[in-house]
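S.K.: The following block contains the structure, expressed as structure tokens.
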Amino acid sequence: MADVTERNVLDALKRIVDPDRRSDIVTLGMVSAVIVKNGHVSFAIEVDPERGERLEPLRKAAEKAVYDLPGVLSTTVVLTAESRTPAPQPADGPPPQRGAAPHTHAHAHAHPHSHAHPPAQAASQARLLPGVESIVAVASGKGGVGKSTTAVNLALAMAQLGARVGILDADIYGPSLPRLLGLSGKPSSSDGKRIDPKEAYGVKCMSIGFMVEEETPIIWRGPMVMGALEQLMRDVNWGGLDILIVDMPPGTGDVQLTMAQRVPLAGAVIVSTPQDIALIDARKGLNMFRKVNVPVLGIVENMSHFICPHCGERSDIFSTGGARREAERMSVPFLGEIPLAMAIRETSDSGRPIVAAEPDGPHAKAYLKIAENVRAQLALGKDDAPRIVVE
Ligand code: ADP
């Protein structure tokens, strides 16, 4: 198959003429952030915010021109106002039209008709990923609290409980899934259109880390993030899944907020350490999801206490139970605690997470307990509709 280059992409885009300015979008300097990676192409077309809605046909035409190039597997095109991150949009209702807020569409080619408007949560879930029952975000207020370790072990624990599980590494700033699951190399495509997820320990995985070199610094702007993320969800052959765990980027900035409202999440799990400072961050995470009407399924306390690798004795180095108390205070479920244990770090580093490495050990049991609690919370969410019981 011919290798697509940035040159090919730009040449194809020279055929696309801006109807208002009577010249092509390349000559006008409207095309930016072109990324070509193994046949997957993404780029942005910079437009005045007020023209965003009207230029949707232009975006579509540009998408098609590139998609039709030989060797192109997928195309993600976003309309973006110059160098700005999209303003947070309400969880439902129309996208913002006001002032200078950029109007952004992020599309992947597989579903050219589905707009990336903020979801009316459940409704657009079916549209984005028809085969996926529930999408659950694993998030944290800040980095380094063990969010990815928790996400991966939770996914494996869910699979042990019999669920069909996928995990999507949306931590674009530091994708760690390939390392945690011992996966490397580029994913392949069996149908030549969609990317096949990789599989480890019975869980399907997709990570931006499979697509970009680790040393390549990528400057992500809000719209690019959404484009890449939507592509990772939509252009991947996930097949049928009961649950897709999304390992979110740490923190509660604009990118996270946009993601939280644009990905049709069934709920969010917040990972926190017991220290107060981390809990303040966790609270921010919690509020972020609440703001966009994503149910918080609960809080996990990671590195809750220390288990000595030599004698197995437990020490409460940080005042343990902080997350449990905070969960109670905030009226969200407490999902469970995971100790700070050498074995958890070592197994993660070696690409064989503890739930796979020691499935009958105490740590795996702790993750299984959390998985059961998450499952119960998800079931509760589905039971919200009133039921009539006839006896
Ligand atoms: P985050 O995704 O929040 O940045 P990671 O999951 O990458 O955090 O974890 C950060 C570091 O802490 C990693 O080296 C990981 O192995 C380690 N770690 C995470 N959870 C635990 C735990 N419960 N016990 C010991 N080490 C842990």
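S.K.: Using a basic spin-label model with each label point 7 Å from the Cα along Cα→Cβ, how many nm lie between GLU133 and GLU50?
M.R.: Calculated label separation equals 5.0 nm.
S.K.: If I stretch the segment between ARG7 and MET342 completely, what's the gain in nm (0.36 nm per residue apart, minus their alpha carbon distance), one decimal?
M.R.: Residue separation times 0.36 nm, minus the Cα-Cα distance, leaves 115.7 nm.
S.K.: Now, a different point. What Kirkwood Rh does segment 123-383 have if only Cα atoms enter the pairwise 1/r average? Answer in Å.
M.R.: Answer for segment 123-383: a Kirkwood hydrodynamic radius of 18.3 Å.
S.K.: Using the basic label-point model (7 angstrom from Cα toward the beta carbon), what is the LYS291 to ARG15 distance in nanometres?
M.R.: Inter-label distance under the simple model: 4.3 nm.
S.K.: In segment 123-383, if the dipole is taken from +1 on Lys/Arg beta carbons and -1 on Asp/Glu beta carbons about the Cα centre, which of ILE195, ALA260, VAL165 is farthest to the positive end?
M.R.: ALA260
S.K.: So what's segment 6-87 giving for Rg/Rh, alpha carbon basis, Kirkwood Rh from the mean inverse pair distance?
M.R.: Reported Rg/Rh, Kirkwood definition of Rh: 0.94.
S.K.: Please give the per residue accessible area of segment 6-87, computed with a probe of 1.4 Å over protein heavy atoms only, in Å².
M.R.: Counting only protein heavy atoms, the per-residue value for segment 6-87 is 44 Å².
S.K.: Moving on to the next point. What FRET efficiency do you get for ASP24 and ASP254 if R0 is 30 Å and r is their Cβ-Cβ distance, rounded to the nearest 0.05?
M.R.: After rounding, the FRET efficiency stands at 0.40.
S.K.: Here is the link list: LYS37/LYS142; LYS284/LYS369; LYS37/LYS365; LYS142/LYS369. Which ones come out longer than 32 Å on Cα distance?
M.R.: Among LYS37/LYS142; LYS284/LYS369; LYS37/LYS365; LYS142/LYS369, the Cα-Cα distance tops 32 Å for LYS37/LYS365.
S.K.: Now a separate question. Can you give the % of DSSP beta bridges in segment 250-341 that are antiparallel, to the nearest 5?
M.R.: Looking only at bridges with both residues in segment 250-341, the antiparallel portion is about 15 percent.
S.K.: Where does each of GLU50, GLU326, GLU133 land when they are ordered by accessible area, with a 1.4 Å probe and the largest first?
M.R.: Reading off the accessible areas and sorting them downward yields GLU50, GLU133, GLU326.
S.K.: In debye, nearest 20: dipole of segment 268-373 around its Cα centre with unit charges on the Cβ of K, R (+) and D, E (-)?
M.R.: 460 debye
S.K.: Between LYS284 and ALA376, what is the FRET efficiency for a Förster distance of 35 Å, r being their Cβ-Cβ separation, to the nearest 0.05?
M.R.: For R0 = 35 Å, the calculated efficiency reads 0.85.
S.K.: Quote the convex hull volume per residue of segment 151-205, based on C-alpha atoms, as a whole number of Å³.
M.R.: For segment 151-205, the hull spanned by Cα atoms encloses 90 Å³ per residue.
The values are calculated or read from the model by the stated rules, or taken from the named source; none is laboratory data. The structure displayed is predicted, hence computed values, not measured ones. Glycine also receives a Cβ, built like all others from the backbone with ideal geometry; neighbour counts cover every protein chain displayed. Quick note on the areas: whole protein, heavy atoms, side chains included, nothing else; ligands and nucleic acids left out. Shrake-Rupley method; radii C 1.70, N 1.55, O 1.52, S 1.80 Å.
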